[in-house]
Each structure stands twice: as structure tokens, then as C-alpha cells.
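Peer 1: Structure below; questions to follow.
Just so it is clear, none of the values below were taken in a lab; they were calculated from the coordinates. Bear in mind that the values here come from a model prediction, so they are computed numbers and not experimental data. No Cβ is skipped: glycine too gets one built from the backbone with ideal geometry, and neighbour counts run over all protein chains shown.
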Amino acid sequence: MALVFPFPTPFGLGDMVWSVHQALIVDALAAVGVHLYCRKNEPEDYWKLSAVLLALPLVPASLLTHHIPSLLLCLFIAFAVFFAALFSSMMLYRISPLHPLAGYPGPLLWRVTKFSAAYYGAFGKYHIKLKQLHDRYGPIVRIGPNELSIVQVELIPQILGSQGMPKGPLWEGRRILPSKNFNINNHLIGVRDLQRHAQLRKPWNKAFGVGPLKDYEEMLRSRAGMMGSRLDEICGEGVGRVDLTEWTSFFAFDFMGDIAFTSDFSLLQNGDVNGFVRDMEEAQSLPTIVQHVPWLAKITRVTPFLGTKLRKFGGFALEQAKKRAGKPMLKKDLFYHLIQAVDPEFMSNPLPFIMANAVLTILAGSDTTSSSMAMIFFNLLREPRCYKKLQKEIDVSVAEAGGSIPSMEKLGQLPYLNAVINEAMRLQAPVPTSVQRAPKIGSGGKMLGSMFLPEGTNVQVPPYVLHRDPRYFYPNPDSFWPERWLSQESWASGDDGDASDRNGQEGAGGIIHERAAFIPFSTGPAACAGKPLALMELRYVTAMLLRKFNFAFQAGFNAEKWEAGLADRLTMFRGPLPVEITRRGSI
Ligand code: HEM
């Protein structure tokens with residue numbers, strides 16, 4: 001007996017008697033049709049797409065009701081066949097020679113789904129996995145159905161440089177909060193339109209120009225001074241025991257509060273009593289997974305209990321920005337400079353832009369810097385030879401500066417200090433992966449050297465992998481060896497100290513040092529806007545701490561275990577770094 005399907009069906013198909021085979025073929029063909037259509041026209045509106053995917057199998061289900069009495073069973077069969085056909089079509093296409101990325105090597109699972117990347121993202125090991133993939137497959141690896149990872153220095157200008165491409169969809173995937181206060185078009189870091197990005201970037205470039213940096217310098221000295229005094233109190237007359245990961249985070253957050261909107265987060269003073277640092281760190285876990293699958297982020301955005309931590313932190317930062325907007329100018333902070341720099345013709349109401357970007361400052365500027373500081377000290381403590389050498393350089397420069405930490409210009413010229421900072425950022429890149437670009441929407445694609453990258457394809461340039469590539473940094477790309485950053489003439493002539501400085505090399509020959517492959521801040525028009533400030537912080541705080549204290553790992557600390565526990569969660573996350581500190585000199 002044929003049942004009448006309760007939904008109207010197109011062309012009266014439901015009233016015709018189709019065989020089960022015919023109905024299932026229609027079902028499967030509809031699924032393949034959806035796949036072919038979406039392949040050509042990447043769907044922007046996932047809600048509409050979901051509605052279509054749920055509606056289409058209803059038609060074959062209605063055809064089946066002529067043969068199968070249970071409506072539920074008809075629906076089950078129709079949906080199962082539809083989705084099985086849809087996924088098979090997608091998978092077969094992704095591994096077929098017809099796919100535009102078919103010629104690039106990569107593991108099968110990664111070629112068919114981005115969930116492979118999300119899996120490693122979930123454990124914070126995406127950077128390690130990418131390195132393994134490049135070691136196995138070479139400089140260009142297919143790491144997703146439509147994504148390549150490229151570790152080839154000659155291609156960097158065409159990917160990230162001024163002739164390069166706009167951001168990829170990764171930042172859309174990292175945005176797990178609804179857009180009301182975090183409009184992606186106001187958020188410099190996530191904007192995918194090159195023109196819009198260039199407009200938004202102008203105020204940032206001005207806000208980090210020479211003049212504003214002078215204003216931030218005063219805030220830096222005062223905040224770093226506070227860090228020194230607090231650690232001094234902990235030392236007392238004996239040995240202080242602290243977690244350096246925690247203290248560098250306190251410093252970096254407090255300083256970003258100063259910089260962004262003259263707001264005192266008081267972490268150095270009171271610790272993380274409100275859980276802001278913890279919340280922000282924990283909040284990164286979800287975006288680290290869903291950044292690989294941007295449509296998942298759309299679901300997380302409308303799921304109330306997901307992203308609570310980030311919501312709480314975002315709410316707090318926004319509150320600070322609003323408070324700042326209501327205050328007269330206290331200090332020339334970033335808020336002040338951004339307002340000054342906004343072109344009134346471009347933005348009649350700059351406040352949403354300023355708010356979004358003040359919040360971005362906290363997110364982009366705090367954990368990156370504190371991660372770098374922790375890596376600098378971790379590596380120095382593991383390599384006492386480098387520690388002593390740097391301490392000596394700083395002592396001499398402090399003496400030359402009349403007993404105080406030298407000027408920012410002078411710190412920028414200290415060879416070993418800068419070599420140590422670079423080497424720490426080379427080995428444990430503070431942003432290990434997540435530098436992604438994609439051909440401009442509507443452009444059809446982009447030539448990269450002799451390769452054609454079709455629109456809809458994304459490219460990543462993972463700093464962690466690039467920095468450890470022996471084609472660019474040799475010898476011992478996986479070891480901490482600051483001397484590789486010193487001028488090769490001075491190194492070869494032995495001016496830099498004892499023979500162990502040479503890392504087993506007898507002459508400058510055989511050393512490879514490709515600076516263009518060093519991109520901890522990325523490069524090109526969308527490179528880190530805060531780089532000059534970040535370097536100022538790293539130089540000043542490292543010099544101040546090494547001058548004021550002696551550091552040593554606490555007993556029982558396992559450096560290998562700590563390093564193995566590092567996790568890629570946009571920034572390089574690290575566990576507690578327990579150190580002992582004793583006073584050495586006053587400044
Ligand atoms: C050691 C510290 C830092 C590192 C390693 C770092 C690294 C990066 C990287 C890799 C990017 C992504 C660029 C891309 O996709 O190509 C970025 C973007 C950005 N960073 Fe930083 N950053 C640091 C500190 C800071 C600070 C202190 C600030 C602000 C005060 C800041 C503000 C930004 C902004 C606004 C962007 C977006 C730039 C754009 O899209 O045009 N960063 N940073």
C-alpha cells in the first residue's frame with residue numbers, strides 16, 4: 001500500500017510510483033549535485049545550506065513511501081543514502097586527480113578532511129605534526145582538502161609580502177563570539193579584504209610610529225620597574241621561588257592594559273585574583289580546534305555555553321575600553337593614538353573600531369610577549385654559557401649608562417641580547433602556526449612562482465617549521481645557539497669568546513643563516529603591528545631582570561618535559577616555569 005507523503009513534493013513526484021532503486025538513485029544524484037554546486041560556489045550562508053541539506057532528502061523519502069510503510073524508515077533510508085552519497089562524492093573528489101591540489105603530497109586523511117588538523121589542534125601539537133609532515137613530504141604539503149603548508153623562502157613575498165594575498169578564513173574560524181561587539185570588519189587581524197585591511201592598518205602604523213613609541217617607553221619603564229620591585233619583595237634577603245611563566249604573563253597583561261587604555265589590571269600587585277589570565281588562556285582551546293573548520297565556529301558562536309571564558313574576557317576588556325572612552329586623556333595610550341590617527345573621511349564613528357582594536361591589543365600583545373619572555377629565560381637557564389655571556393654584556397652596558405638600564409636605542413644595538421631574543425623566538429616561535437593567506441575572493445586564483453593557487457585554496461606558512469628548517473638555519477637548527485645571529489666576520493675571527501661558542505664549527509663556512517626565513521612576527525603588510533613595541537618590551541625586561549637578579553631552575557625541574565609540554569594554541573603555551581631568584585645588583 002502506498003502512503004501519501006505529508007509534505008508537498010515538486011512536480012508531483014511523490015504521487016508517481018518510483019521503484020526503490022529509482023528513488024535511491026534520485027537521492028544520491030541530488031547529493032552529488034549539491035556537492036558539485038558547492039564546489040563551484042563556496043556557500044557563505046551555512047544556515048541556508050543546512051536548510052537545503054535537510055530539505056532535499058525529503059523528496060526521495062516521499063518516493064519511498066510507495067514501497068515502505070513506515071514513514072520513519074523512509075526518512076532514515078533517504079537521509080542515510082543522501083549523506084553517504086554526499087560524503088563519498090566529497091571524499092572521492094578530494095583524492096581524485098581532478099582536484100586542483102591533487103599534485104601536492106600529503107597524508108590521505110589530511111587530504112580528505114580538516115578534522116585531522118583539528119585533532120592535532122585539540123592537543124596543542126599542530127606545530128609538531130606540521131614539522132613531521134614537512135620532514136616527510138618536503139617543502140609543500142597538502143594539509144587539508146583545500147589547504148597547503150608552504151615552507152619555501154622564495155615564495156614568502158608572494159604569499160605574505162606586498163605582492164601577496166589577503167588573510168585566509170582562519171580568523172573567521174577563530175572568532176567564536178557573536179559579532180555584535182567584535183565585528184570582523186573592524187578587527188584588523190581578521191579582515192580579509194585587502195583594501196579594508198590597508199585602511200584599518202593606517203591608524204595602527206601611526207600608533208606604533210617613533211613618537212608614540214616614546215610615550216609607551218615611559219609606561220614600559222614604570223611597569224617593568226614594578227615587576228622588579230615585586231620580585232625583589234619576594235626575594236627578601238634570601239632566595240625567592242616564583243613561577244616565571246606566571247610573572248611574565250602578569251607583566252605583559254598589566255602592560256597591555258597600560259598601553260591599550262591606561263587601565264591598571266593590577267596583576268603584578270594582586271595576582272590573577274579575577275582569573276583573567278587563566279580565562280584567556282583557557283579560552284584559546286576552542287578556537288585552536290575550530291579555526292581549522294570555520295563552519296564549526298559558526299555553530300560555536302550560537303551555542304550559549306561554548307566560549308563562556310572568551311565571552312567573559314571579551315566583556316571585561318570591552319568594559320575597560322568603554323571606561324577609557326568616557327575619561328579625559330590621562331596618558332598618550334594606544335586608544336589616544338588610534339583616535340588621533342583615524343581618518344574622519346574613512347570612519348565617521350571610530351569608536352567601534354577603537355573598541356574592537358583595544359581589545360585586540362590585549363589578545364594579540366599579551367600572551368605573545370609573555371610567551372617569548374618565558375622562552376628567553378628557559379633557554380638561557382638551560383645554556384649557562386649563554387646566560388653568563390648575556391649577563392656580562394648587560395652589566396657592561398649598564399655601567400656605561402651610569403648604572404641604569406640603557407636607552408631603548410642602546411638596547412636595540414646590544415648584539416648578544418638581540419641574538420638571544422631572536423634565537424629564542426626562532427626555536428619556539430611565539431605564534432608557531434596560524435599564519436594563513438588565501439587568494440583574493442573573486443580573483444579566480446593566484447600564481448605562486450610556477451604554481452597556480454585556485455580561489456578557495458588556503459596557504460599556511462608555519463613559522464615553527466620554517467625556523468627549524470636546516471636549509472635555512474644550519475648547523476643544529478633544533479638547538480639554542482645565539483651566536484648564529486652574530487656577524488659572521490666576528491664569529492669566524494673568534495672575537496665572540498671561547499671555542500664552545502662555535503657550536504662545533506671550525507670556520508664560518510658551512511653556516512647557513514637565512515634571515516628571510518625568520519618570521520616570528522610574520523612579514524608584509526599584515527605582519528604584526530606591535531612588533532616595535534614587543535621588541536622594546538623583550539629587550540628591556542630581559543636586561544632589567546638579568547641585571548637585578550640571578551636565576552636558576554628550581555630543584556627537580558625537568559627541562560625536556562617542560563619543552564615537550566609546549567602547546568600551540570595560537571601562541572606557544574607553556575606550563576609553570578619554577579625558578580629561584582636571588583638579588584644581585586640594584587638599578
Ligand atoms: C613577541 C611578541 C609578538 C609576536 C611574536 C607577534 C606575532 C604576530 C603574528 C605572527 C601576527 C600575525 C600576522 C599574520 O597573520 O601575518 C601578529 C599580528 C598582529 N599583532 Fe602581534 N605579535 C607580538 C606582539 C604584539 C603586540 C605587543 C601587539 C600590540 C600591542 C601586537 C599586535 C598585533 C596586531 C594588531 C596584529 C594584526 C596585524 C594585521 O593583521 O595587520 N602584537 N602578531
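Peer 1: Compute the distance in nm between two label points, each set 7 Å from the Cα along the Cα-to-Cβ direction, one at L54 and one at I95.
Peer 2: 3.2
Peer 1: Give a residue-ordered list of calculated ³J(HN,Hα) values for the stretch 274-282 (Karplus: 6.51 cos²θ - 1.76 cosθ + 1.60, θ = phi - 60°; whole Hz; x for Gly, Pro).
Peer 2: 8, x, 5, 5, 4, 4, 5, 5, 5
Peer 1: Also, quick follow-up: So what is the relative contact order of the stretch 10-95, in percent, for Cα pairs below 8 Å that sit 6 or more residues apart?
Peer 2: With pairs under 8 Å counted, the relative contact order is 45 percent.
Peer 1: Still on this structure: Of all the stretches in the chain, which is the longest one without any exposed loop site, taking chymotrypsin sites (Phe, Trp or Tyr not before Pro) in a DSSP loop (any state but H, G, I, E, B) with at most 13 other Cβ atoms within 10 Å?
Peer 2: 347-587
Peer 1: On a C-alpha basis, how far is the centre of the stretch 142-157 from the centre of the stretch 403-419 in Å? Whole number, if you could?
Peer 2: If you average the Cα positions of each part, the centres end up 36 Å apart.
Peer 1: So for the chain, what are the equivalent ellipsoid semi-axes in whole Å, largest first, each being the square root of 5 times an eigenvalue of the Cα gyration tensor?
Peer 2: Gyration-tensor ellipsoid for the chain: 50, 28, 22 Å.
Peer 1: How far is it, in nm, from the label point at Q132 to the one at R201 when both lie 7 Å from their Cα along the line to the Cβ?
Peer 2: That separation, rounded to one decimal, is 3.5 nm.
Peer 1: Continuing with this model, one more query. Can you run phi through the Karplus equation (6.51, -1.76, 1.60; θ = phi - 60°) for the stretch 96-108 and list ³J(HN,Hα) in whole Hz, with x for Gly and Pro?
Peer 2: 7, x, 6, 5, x, 9, 4, x, 9, x, x, x, 3
Peer 1: Okay, next question. As a quick test, which of the pairs K410/K531; K125/K389; K125/K388; K40/K446 have an alpha carbon distance above 28 angstrom in this structure?
Peer 2: K125/K389; K125/K388
Peer 1: Okay, next question. Can you work out the Karplus-derived ³J(HN,Hα) for every residue in the stretch 125-137? Use 6.51 cos²θ - 1.76 cosθ + 1.60 with θ = phi - 60°, whole Hz, and x for glycine or proline.
Peer 2: Whole-Hz 3J(HN,Hα) from phi for the stretch 125-137: 10, 4, 4, 5, 5, 4, 4, 4, 5, 5, 4, 8, 9.
Peer 1: Stretch D45-R382 to full length: gain in nm at 0.36 nm per residue minus the Cα-Cα span?
Peer 2: The D45-R382 span can extend by a further 116.2 nm.
Peer 1: Helix 351-365 against the longest principal axis of the chain: what's the angle in degrees, Cα atoms only, rounded to the nearest 10?
Peer 2: 70
Peer 1: Which stretch or stretches of the stretch 70-92 have amide N atoms under 18 Å from the point lying 7 Å from I25's Cα along the Cα→Cβ direction?
Peer 2: Residues 78, 81-82, 85-86 qualify, since their backbone N sits under 18 Å from the label point.
Peer 1: I'd like to know how the stretch 232-326 sits against the 2.2 N^0.38 Å rule of thumb: what's its Cα Rg over that expected value?
Peer 2: The stretch 232-326 yields a ratio of 1.34.
Peer 1: Here's something else I'd like to know. What shape does the stretch 10-95 take by its C-alpha gyration tensor, where a ≥ b ≥ c are the square roots of the eigenvalues and a/c under 1.5 counts as rounded, a/b above b/c as prolate, and the rest as oblate?
Peer 2: prolate
Peer 1: Further question: In terms of Cα to Cα distance under 26 Å, which lysines are near enough to K327, apart from those fewer than 8 places away along the same chain?
Peer 2: Partners found: K180, K202, K206, K214, K312.
Peer 1: Subtracting the Cα-Cα distance from 0.36 nm times the residue separation, let me have the gained length for R515 to Q163 in nm, one decimal.
Peer 2: 124.8 nm
Peer 1: Given 0.36 nm per residue, what is the gain on full extension from A80 to I234 after removing their alpha carbon distance, in nm?
Peer 2: Extra length available between A80 and I234 comes to 49.0 nm.
Peer 1: Another question, if that's okay. Modelling each spin label as a point 7 Å along the Cα-to-Cβ direction, I'd like the A527/Y37 distance in nm, to one decimal.
Peer 2: For A527 paired with Y37, the spin-label model returns 4.5 nm.
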